[in-house]
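Report on the structure given below.
The values are calculated or read from the model by the stated rules, or taken from the named source; none is laboratory data. This one's a predicted model, so the numbers in the text were calculated from it and none came from an experiment. Methodologically, a virtual Cβ is constructed for each residue, glycine included, from the backbone with ideal geometry; neighbour enumeration extends over all protein chains shown. Accessible surface areas use protein heavy atoms only, side chains included; no ligands, DNA or RNA. Shrake-Rupley method; radii C 1.70, N 1.55, O 1.52, S 1.80 Å.
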Amino acid sequence: MLPPDEPLGEIACTVNGRPVAGRAPLRMTLVEWLRSELGLTGSHVGCAHGVCGACHVRLDGTVVRGCLVLAVQADGSAVETIEAATGPEVAALRAAFVAHAGLQCGFCTPGMILQAAELLQQDRAPSREAIRDHLSGNYCRCTGYQAIVDSVEAAAAALRAG
């Protein structure tokens, strides 16, 4: 919780394709600002230390940990959350996560999908080892990861098949 007298900074950025302007306490993280000020609750605050990956968002096209970026650092940037994530990789991953039981409670799923989409943009045929390596910064308490790796592998196959 931030003190009530915390200095505020201005933010003008694009969030999910629409211009947004506002103010945020200088120490408020990007994921907290997205959730509390914009109502975009798809990204979660898990560990708040950059370890679990639940807070992933895209910042200027790169997946970042929203708990390690201050909201004011997003000024002038393009932010994309799971709510607006699109593209063939995201669509294939969403379908594969459902078909292969790659999600259970759903807490880690937004971060997993954004991170896996980034991998599939770079490599349409990643090995299971490459998938595990790329997702290694994302924690999941429910699935044991096997179904997540299966889902990413199936999404990659679907993308290759067209």
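Going toward the positive end of the dipole of the range 15-122, with +1 on Lys and Arg Cβ and -1 on Asp and Glu Cβ, which of L68, A24, M112 do you reach last? Farthest along the dipole direction, towards plus: A24.
Taking the Cα centre of the range 1-81 as reference, the dipole from Cβ charges on Lys and Arg (+1) and Asp and Glu (-1) amounts to some 220 debye. About its Cα centre, the chain has a charge dipole of approximately 320 debye under the convention of +1 per Lys or Arg Cβ and -1 per Asp or Glu Cβ, with nothing else charged. Accessible surface area normalised per residue over the chain is 49 Å², counting heavy atoms of protein chains with a 1.4 Å rolling probe. Please give the residues of the range 64-104, grouped as numeric ranges, whose backbone N is less than 16 Å from a label point set 7 Å along the Cα-to-Cβ vector of C142. Backbone N within reach: 94-104. Taken about its Cα centre, the range 80-162 carries a charge dipole of about 200 debye when Lys and Arg each add +1 at the Cβ and Asp and Glu each add -1 at the Cβ. In terms of overall dimensions, the chain has a Cα radius of gyration and Dmax of 16.2, 56 angstrom. Ligands, DNA and RNA left out, the accessible area of the chain computed with a 1.4 Å probe is 54% carbon and sulfur. In this structure the amide hydrogen of V15, modeled in the peptide plane, comes within under 5 Å of the amide hydrogens of V20, V79, none closer than 5 places in sequence on its chain. Our helix-only sum for the chain, with -39,500 (n - 2.57) per DSSP H run of n ≥ 4 divided by its residues, gives a mean residue ellipticity at 222 nm of -11000 deg cm²/dmol. Build a GNM of the chain with springs between Cα atoms under 10 Å apart, and of P19, P88, P110 the one that fluctuates most is P19.
Maximal additional length on extending the T86-C105 stretch stands at 4.6 nm, based on 0.36 nm per residue less the C-alpha distance.
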